[in-house]
Each structure stands twice: as structure tokens, then as C-alpha cells.
Amino acid sequence: MPELPEVETIVRGLQAVLPGKRIMGVRLGITDFIEDPSALEEQLPGRRISSVRRYGKFLVFDLDSLSGDSRRLALLIHLGMTGQLLTCKPEAPIAAHTHAYFALDDGSEMRYRDIRRFGSIRILAEGAPSGVLSPLGPLGLDPLEATEEEFRAGINGRHARIKALLLDQRVLRGMGNIYTDESLWHAKIHPTRLGAKLSARELHGLYVAMRRVLSQAIRFRGSSISDYVDSKGTPGKFQQRHCVYGRKGKKCPRCAAMIRRETVAGRSSYFCPKCQRAPKKTRKARRKH
Ligand SMILES: [Zn+2]
């Protein structure tokens, strides 16, 4: 599932080629994941893409107004589990599960492909940056933009497991399973610890670890676990640098203990049982069994 570094990599690829280009036409295949397919076909043609940016795990395409229609629009795309956004020549072979084609005025095409169709595409009216994003509901701060104080305020005092808090898009926008597990391992924090019980030192360590993991993952162009590729179809390389995620039964790179996988907050979670000590209650509960 594309998380912050994967979406950021795609956005950077698109931002390098799309701004200034005009959408000439929209062609759709299966549309059950698109909020209003006819709005896409009717309202996008003729509009110029002014910028492409990331908001949490969403891609936002800011579109200029048309002459005679002063409304600025934004196209909003979420890649869900298996979404891909690629630019190519229109004669490029069409991959199975391609559901949307955006023809551009330079003759190229942007295609949306999604095997499982958990992604979404929608148009937002009222183009201003803050206005555009209010319909997304209350999303938290971007982990790369949040200050340490803001991060601490979002986590501390919350009686929920740290794993659940990091995944909660209302706390931080853009984190997902991979980077949560990797950040917790680097910070030596067990995923079932409560946010409220983390010490100031642990919170500092987690803040630093999370930002380092995300920045490194962006540098290595994301993690290609299942379907993720960048806007040119190239897989990322960060999966080769995962320390715990997807490494059940392998050795912890820090202490050589065997990495475990357990379900925490409804998600499979990878951690080192030695470097990341379980909270006392969990340890006691386990002894009873
Ligand atoms: Zn370890």
C-alpha cells in the first residue's frame, strides 16, 4: 500500500512533467471507485494543471480556471492499496486494470491503474489550497512538517497504542504500516505501548526515527512490496533496507534476536522482542497463558 514516501516519489515525478500541461480529454473504464465519473469527463477537459502536490497519502492536482468559468478545481487521487499513476505515450501498451486515461496537450497520457480498486478519484471545487482539502475531514499534521512539540502533543496523553496512533490519519497524515513498524524499531518502542506512557526521551527518539526513516525512504524512491511503482513504472528500492517490516523469523539487524509478527491495532506488526520491550501488562498476560 503506497504510504507517504511512495506518494511523495510519484508526486515528484509528476510535478517534474505535468505543470503547464492541459488536460484534453478523460476516458474511463470501470468507475465504481470514482465519486462522480461524468463530472471528471465534463469538467476536466481544457483545464491546465498548475501543480501536483501530496497531502497525506492523497495526490492533489491543482487545476487553473477556464475562460468563462472562474472556478478553480482540484483533482484528488488516492492510490488505495494497489493504485498506480503513470505517464506514457498514448500508443504505450495498456496494462490490465487501467481504469482512467487523461490525455494531455503534449500528446502524452496519464493513466490510473488499480487492481483492487480501493483507490479513489474525485474533483474538489473551490481551488484554494486550504479550502480544497477541508472535505477530506480532519487530517493531522504531515510527519515531515510537524515540529517535535506538535508531534509530542499529538501522541502524548492519548490512551491508545502507539502503533494505532501513528497509523491514525487524524494524528499524522501519510504514515502507514511499513514506516510505522520501521520507525518504532529504530526508536526501540514496542507497538503495543500506550502513547501516554512514552517518556520524553522515547518520544524524542521516535520523532527523530520517523523523520529519518521517511526521508531515507523518499531518497530510495519508496518500498515496492506488491504493486508500487513510480510515475515512470520503476519500482522503489527501500524494501531492501527494511529492518523489521516483512522480516518475520529473520534476525534483528541490531541484536540478532528473531523478529516477530503480531497483530496490533488490527494490523500485522513486525518488531524485535528484545530491542522493543513489551509493556509490563502484556508481559504478565503472556506469562499466564
Ligand atoms: Zn533487536
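The values are calculated or read from the model by the stated rules, or taken from the named source; none is laboratory data. Please read these numbers as outputs of a predicted model, since none were measured by experiment. Cβ sites come from the backbone with ideal geometry, for glycine too, and all protein chains shown count toward neighbours. Surface accessibility is based on the protein's heavy atoms, side chains included, excluding ligands, DNA and RNA. Shrake-Rupley method; radii C 1.70, N 1.55, O 1.52, S 1.80 Å.
May I ask you to give the percent of accessible area on segment 29-99 that is carbon plus sulfur, with a probe radius of 1.4 Å?
On the way: 1590 of 3090 Å².
The C+S portion of the solvent-accessible surface of segment 29-99 is 51 percent.
Spatial offset of segment 149-182 relative to segment 30-86 amounts to 28 Å, using the alpha carbon center of each. Taken about its Cα centre, segment 22-133 carries a charge dipole of roughly 380 debye when the Cβ of each Lys and Arg holds +1 and the Cβ of each Asp and Glu holds -1. Cα gyration tensor of segment 148-279, axes a ≥ b ≥ c as square roots of the eigenvalues: rounded (a/c below 1.5), prolate (a/b > b/c) or oblate? Since a/c reaches 1.5 but b/c is at least a/b, the shape of segment 148-279 is classed as oblate. The charge dipole of segment 153-289, taken about the Cα centre with unit charges on the Cβ atoms of Lys, Arg (+1) and Asp, Glu (-1), comes to about 800 debye, rounded to the nearest 20.
Return the subset of Lys232/Lys274; Lys89/Lys237; Lys251/Lys280 for which the Cα-Cα distance in this structure is over 32 Å, preserving the input order.
Lys232/Lys274, as the Cα separations exceed 32 Å there.
The residue list Thr147, Ser199, Leu172 was ranked by how far each Cα lies along the charge dipole of the chain toward its positive end, using unit charges on Cβ atoms, and Ser199 comes out on top.
Around the Cα centre of the chain, unit charges on the Cβ atoms of Lys, Arg, Asp and Glu (plus for the first two, minus for the last two) sum to a dipole of about 2700 debye. Think of it as helices only: each DSSP H run of n ≥ 4 in the chain is worth -39500 (n - 2.57), and spread over all residues that comes to -7500 deg cm²/dmol at 222 nm.
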